[in-house]
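Presented below is the structure to which this report refers.
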Amino acid sequence: MSAPPALEICGVSHDFGSLRALDDVSLAVPEGRLTALLGVNGAGKTTLFNLVTRLYANRRGTIRVGGHDMRRAPGAALARLGVVFQSRALDGDLTVRQNLMYHAALHGIGRRDARARLDAVLAQVDLADRAGARVSALSGGQVRRAEIARALIHDPALLLLDEPTAGLDVRSRAEVVALTRRLIAARGVSALWATHILDEIDPADGLVVLHRGRVLFDGPAGAAAPGGDLTAAFLALTGAAA
Ligand SMILES: Nc1ncnc2c1ncn2[C@@H]1O[C@H](COP(=O)(O)OP(=O)(O)OP(=O)(O)O)[C@@H](O)[C@H]1O
């Protein structure tokens, strides 16, 4: 039997009062690669992440992480998830090391084990030399890399990244994208990358286009834009659904 997808969402809907933010959303994130969740502001990306991370209760449809049902086995499902939130998750007054040790403790990881993991993960995000620096003293790109390290400390199988390059300059953006691709290759982790920036997506990536709470496309990014022009393909898809 083949392994279950890193993330499987079937028939999920979510309302805010009379607003249907997600409408019968189904998608799968395969193991060991980057899947981009592409949508303009208000498409429903953060709402979907909030359901997958159990910040919101999921009332309609199913969410499975590595085959574990979020409703029936939330502990097992959440343990497989590492999340880089859109809002900042690190304490600026603490050092990178202190922040990561704190998050390791939240995951029940002992201090000795945590120290070893921390050294390994900081090396992987190119921050080994900044472990003792206060987070408030880091550049925007370094903060993002520290947040990715935080999300990896408990060795998750799936990384959720909610617009991780928001607010970064061109160089830092490129570094964060390249780093995530290296982590996928080196750790075998899968990633769901919410974005509205088309040039962060490679033709070989998985692509889910979310628009007004509905999935308009789910497949290889290259198949969405056979001519190679993802911008034109995205505008055609979302324009037709307007
Ligand atoms: N807490 C809330 N209460 C009411 N409406 C909400 C709430 N959160 C989101 N919405 C609405 O749900 C829809 C989806 O919003 P969501 O934040 O999920 O989109 P998004 O794709 O993440 O957008 P962005 O790129 O701006 O972060 C929008 O119409 C938004 O206004």
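The accessible surface of the chain, taken with every protein chain in place and a 1.4 Å probe, is 52 percent carbon and sulfur. When shorter helices are ignored and each DSSP H run of at least 4 residues is given -39500 (n - 2.57), the per-residue value for the chain at 222 nm works out to -10500 deg cm²/dmol. Per residue, the accessible area of segment 38-126 comes to 52 Å² when a 1.4 Å probe rolls over the protein heavy atoms.
Counting only alpha carbon atoms, the long axis of helix 111-124 and the longest principal axis of the chain meet at about 60°. Segment 20-44 and segment 93-116 have their alpha-carbon centroids 31 Å apart. Distances between every pair of Cα atoms in segment 1-49, grouped in 5 Å steps from 0 to the bin holding the largest one, split as 5, 17, 25, 24, 14, 8, 4, 2, 0 percent. Build a GNM of the chain with springs between Cα atoms under 10 Å apart, and of Arg145, Arg115, Arg64 the one that fluctuates most is Arg115. Here the ratio of the Cα radius of gyration of segment 188-242 to 2.2 N^0.38 Å is 1.10. Residues Thr47, Thr231, sorted by accessible area with the largest first, give Thr231, Thr47 [1.4 Å probe; ligands and nucleic acids excluded].
Just so you know, the Rg over Rh for segment 142-218 is 0.96, from Cα atoms, with Rh as the Kirkwood radius. Working from Cα positions, state the angle (0 to 90°, nearest 10) between the long axis of helix 96-106 and the longest principal axis of the chain. Tilt of helix 96-106: around 70 degrees. Taken per residue, the accessible surface of segment 193-232 reaches 45 Å², heavy atoms only and a 1.4 Å probe. Note that the chain, at 37 °C in a medium of 0.692 mPa s, gets a Stokes-Einstein diffusion coefficient of 178 µm²/s from its Kirkwood radius over C-alpha pairs.
Ordered from highest to lowest accessible area with the whole protein assembly present and a 1.4 Å probe, Glu163, Glu175 read as Glu175, Glu163. For the residues Leu19, Leu27, Leu207, a GNM of the chain with alpha-carbon springs under 10 Å puts the largest fluctuation on Leu19.
Taking the chain as a Gaussian network, Cα atoms linked when under 10 Å apart, which of Asp93, Asp205, Asp129 shows the biggest mean-square fluctuation? Its mean-square fluctuation being the largest, the pick is Asp129. According to the calculation over all Cα-Cα pairs in segment 6-145, the P(r) per 10 Å bin from zero is 10, 33, 31, 22, 4, 0 %. With N as its number of residues, segment 81-122 has a Cα radius of gyration that, divided by 2.2 N^0.38 Å, comes to 1.16. Taking Lys and Arg as +1 and Asp and Glu as -1, the other residues whose beta-carbon sits under 9 Å from that of Met101 total +3.
With Rh defined as the Kirkwood radius, the inverse of the mean 1/r over Cα pairs, the Rg/Rh of segment 19-92 is 0.95.
Taking amide H as placed 1.01 Å from N in the peptide plane, Val215 has its amide H under 5 Å from the amide H of Ser26, each at least 5 places away in sequence or on another chain. The long axis of helix 140-152 is offset from the longest Cα principal axis of the chain by roughly 90 degrees. Each Lys and Arg Cβ is given +1 and each Asp and Glu Cβ -1; about its Cα centre, the chain then shows a dipole of about 720 debye. Counting 0.36 nm for each residue step from Cys10 to Leu55 and taking away their Cα separation leaves a gain of 14.4 nm. When the P(r) is computed for segment 95-209, the part past 26 Å accounts for 17% of the Cα-Cα pairs.
The values are calculated or read from the model by the stated rules, or taken from the named source; none is laboratory data. No experiment lies behind these values; they were computed from the predicted model shown. Because the Cβ atoms are built from the backbone with ideal geometry, glycine has one as well, and the counts that use them run over all protein chains shown. The accessibility values were calculated without ligands, DNA or RNA, using every heavy atom of the protein model including side chains. Shrake-Rupley method; radii C 1.70, N 1.55, O 1.52, S 1.80 Å.
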